[in-house]
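Visitor: Handing you a structure now.
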Ligand SMILES: [Zn+2]
């Protein structure tokens with residue numbers, strides 16, 4: 001007897017390339033079978049009529065900062081995300097044993113993986129100066145802490161080189177080798193300030209060549225815009241030709257958020273051309289939602305430097321250009337912001353992606369769009385039972401109501417950055433119904449911590 005039978009769905013599986021009308025059985029957290037229309041259906045404890053909705057694998061957010069945050073995971077789940085890979089941009093859990101223990105004790109709405117963050121390893125090794133390279137002794141300590149995190153279950157190693165510009169090239173390579181030696185992937189938020197902006201990308205992609213390990217280049221359109229994005233796409237293509245094991249993710253926004261003290265909001269840029277300040281919007285704190293002026297900019301760079309700012313370059317064409325490259329995965333870069341503040345990426349990305357790029361602009365075919373949210377990130381993170389619809393795979397599933405599917409979250413000052421989307425009709429996590437008819441089933445926390 002099945003636990004669930006989902007009938008009357010358009011079933012799309014990116015691995016087999018099949019797109020057909022039929023039903024799916026779920027049992028003990030796994031997909032039990034797929035049945036074309038008119039097939040004899042097994043009996044089930046509960047049958048749910050999908051009413052012609054689109055049944056796809058649960059989305060896998062390859063670049064999140066959810067880190068055991070329940071509000072963050074709830075927003076992801078509301079979009080149909082069933083697995084998030086966190087610990088990105090150099091910042092992660094510190095003690096992995098207690099991190100996973102907390103996850104298991106409290107339960108979590110979605111599945112979660114955690115990387116070891118390079119910046120955290122640096123601090124633990126005693127390097128608190130972001131502008132200084134790690135000493136030989138510190139590097140040894142970092143390698144030790146990284147190995148410790150990997151043996152406790154960390155899935156990869158992340159770098160946030162913008163935030164630790166003093167990290168030497170050697171330090172990055174040596175630590176990456178530790179990740180590679182234990183079969184972990186490496187993710188890179190690149191550096192700023194290279195003589196050639198593309199060297200930041202080359203440094204990251206070279207790690208795949210030097211270590212023979214998969215490298216994920218994080219949130220592409222936050223790193224490159226306009227002409228430099230076009231050149232970055234050429235560099236990526238060049239590395240792909242060399243068969244380097246590289247993976248690229250991108251968000252749906254050109255407007256990116258980070259803390260006000262970050263190097264990307266440097267005075268040399270923003271005070272040299274004050275019109276640039278007008279592209280800055282406070283995402284959190286007392287000015288949340290407001291466009292900055294010079295005085296507020298200076299205040300946020302100094303006394304409010306831990307609050308978040310959003311920089312909006314004001315041109316959406318980069319999104320289309322980035323996703324024109326094959327195999328660019330969708331990611332949110334979500335982070336836990338106070339209610340009503342922050343960036344809409346954590347609550348809007350996936351419905352926005354399907355609405356804009358598939359439904360309205362037909363920029364991507366449906367199968368390809370589903371692939372970028374499911375199978376590709378599953379492969380990048382080495383998740384062999386996720387991102388696919390086939391018997392024996394994990395029953396992480398989403399049923400989309402195509403007509404209704406749209407995002408509602410918007411930037412502070414324009415709307416609510418945490419507003420849930422419409423059209424995400426049902427969501428299953430490990431075979432447990434977690435959203436039904438667009439309503440969250442309260443208290444269901446069916447996610448697993450996935451340790452490597
Ligand atoms: Zn980042």
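Visitor: Using a ≥ b ≥ c from the Cα gyration tensor of the stretch 311-445 (square roots of the eigenvalues), is it rounded, prolate or oblate, where a/c under 1.5 gives rounded and otherwise the larger of a/b and b/c decides, a/b for prolate? If you can, show how the numbers build up before the last one.
Guide: Values: a/c = 1.66, a/b = 1.15, b/c = 1.44.
Judged from the Cα gyration tensor, the stretch 311-445 comes out oblate (a/c at least 1.5, b/c at or above a/b).
Visitor: Assuming 0.36 nm per residue, please report the length gained on full extension of the stretch residue 275 to residue 101 beyond their Cα-Cα distance.
Guide: Net length gain for the segment: 57.8 nm.
Visitor: Given the C-alpha centroids of the stretch 303-380 and the stretch 207-227, what is the distance between them in whole angstrom?
Guide: The distance from the Cα centre of the stretch 303-380 to that of the stretch 207-227 comes to 16 Å.
Visitor: Here's a follow-up. Under 1.5 on a/c is rounded, so check that first for the stretch 210-363, then, if it is not, pick prolate when a/b is larger than b/c and oblate when it is not; a ≥ b ≥ c are the square roots of the alpha carbon gyration tensor eigenvalues. Please list the in-between numbers first.
Guide: Values: a/c = 1.97, a/b = 1.62, b/c = 1.22.
The shape class here is prolate.
Visitor: Counting helices only, and only those DSSP H runs with n ≥ 4, report the 222 nm mean residue ellipticity of the chain as the sum of -39,500 (n - 2.57) divided by its residues, in deg cm²/dmol to the nearest 500. All intermediate terms of the calculation are to be shown ahead of the outcome.
Guide: Details: 14 runs with 136 residues, N = 452.
One gets -8500 deg cm²/dmol as the mean residue ellipticity at 222 nm.
Visitor: Between rounded, prolate and oblate, where does the stretch 230-280 land on the alpha carbon gyration tensor, with a ≥ b ≥ c its root eigenvalues, rounded for a/c under 1.5, else prolate if a/b exceeds b/c?
Guide: Here the stretch 230-280 falls in the prolate category.
Visitor: If you don't mind, there's one more thing I want to ask. Return a whole-number percent for the relative contact order of the stretch 257-312, with Cα pairs under 8 Å and 6 or more residues apart as the contact set.
Guide: Here the relative contact order equals 49 percent.
Visitor: So what's the angle, to the nearest 10 degrees on a 0 to 90 scale, between helix 70-79 and the longest Cα principal axis of the chain?
Guide: Taking the Cα atoms of the chain, the angle to 70-79 is about 60 degrees.
Visitor: Here is a further query. Using only Cα atoms, figure out Rg for the chain and give it as a multiple of 2.2 N^0.38 Å.
Guide: Normalised by 2.2 N^0.38 Å, the Cα Rg of the chain equals 0.96.
Visitor: Ratio of alpha-carbon Rg to the 2.2 N^0.38 Å globular estimate for the stretch 37-193, to two decimals, please.
Guide: Rg over 2.2 N^0.38 Å, computed on Cα atoms: 1.30.
Visitor: Right, another one. How many times 2.2 N^0.38 Å is the alpha carbon radius of gyration of the stretch 117-201?
Guide: Working: Rg = 12.3 Å, N = 85, 2.2 N^0.38 = 11.9 Å.
Rg over 2.2 N^0.38 Å, computed on Cα atoms: 1.03.
Visitor: Any idea what the relative contact order of the chain is, in percent, if you count C-alpha pairs under 8 Å spaced at least 6 apart?
Guide: RCO, the chain: 21 percent.
Visitor: Let me ask you something else. Cα atoms only: what Rg and Dmax, in Å, come out for the stretch 154-216?
Guide: According to the Cα coordinates of the stretch 154-216, Rg and Dmax are 10.9, 34 Å.
Visitor: Find the percent of Cα-Cα distances in the stretch 257-312 that exceed 16 Å, and round it to a whole number.
Guide: Summing the P(r) of the stretch 257-312 above 16 Å gives 24 percent of all pairs.
Computed from the coordinates by the stated procedures, all read-outs in this text should not be read as laboratory data. Only a predicted model underlies this, so the values are computations on that prediction, with no experimental measurement involved.
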